[in-house]
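Note sheet for the following structure.
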Amino acid sequence: QVQFVESGGGSVQAGGSLRLSCAASGSTFRFRAIGWYRQAPGKLRDLVAGINVDDTTNYADSVKGRFTISRDNAKNAVYLQMNNLKPEDTAVYYCNKLPPDPLRWGQGTQVTVSS
């Protein structure tokens, strides 16, 4: 079974950039679509970006043109490059399968964007 560990979060000012990393365990990683999700205080957890096994990607409208998802199957890793960050991007970010497995949520990584 795949397990996920997120890292790379932090506090930045609006307009700044961060690169999140997701380390996945398990030999079947390369055969799975993976998503980055986020949950802001008081809100539901939403899909931010997804990447399929053929490297096709999809993004939430709110992050299109600013965020880029990528994967490195040799490292069992998925990344989220976040540019031009906005205060509304403040949330805990998680990675998981796409669609998500409710038993596979990790601790997430906090991203805080100040205006």
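The values are calculated or read from the model by the stated rules, or taken from the named source; none is laboratory data. Predicted model only: the values in this text are computed from it and were never measured. Backbone-built Cβ (ideal geometry, glycine too); neighbour counts: all protein chains shown. Accessible surface is based on the protein model in full, side chains and every heavy atom, while ligands, DNA and RNA are left aside. Shrake-Rupley method; radii C 1.70, N 1.55, O 1.52, S 1.80 Å.
For Thr56, project a label point 7 Å along Cα to C-beta. Then give me every residue of region 72-115 with its amide nitrogen under 17 Å of that point. Under cut-off, by backbone N: 98-99. Convex hull of alpha carbon positions in the chain: directionally averaged projected area 6.5 nm².
Can you count the Lys pairs in the chain with C-alpha separation below 22 Å, eight or more apart or on different chains?
Values: Lys43/Lys64; Lys43/Lys86; Lys43/Lys97; Lys64/Lys86; Lys64/Lys97; Lys75/Lys97.
So the count works out to 6.
Counting heavy atoms of the protein chains only and a 1.4 Å probe, report the per residue accessible area for region 28-90 as a whole number of Å². Intermediate values should be presented prior to the final figure.
Working: 3370 Å² over 63 residues.
Per-residue accessible area for region 28-90 comes out at 53 Å².
Hey, could you get me the Stokes-Einstein D for region 17-66, Kirkwood radius over alpha-carbon pairs, 20 °C and 1.002 mPa s, rounded to whole µm² s⁻¹?
Values: Rh = 12.5 Å.
Estimated via Stokes-Einstein, D reaches 172 µm²/s.
At 1.4 Å probe size, with the rest of the protein present, what percent of the exposed accessible area of region 74-115 is carbon and sulfur atoms?
Values: 1080 of 2060 Å².
Summing carbon and sulfur atoms, their accessible area is 52 percent of the total for region 74-115.
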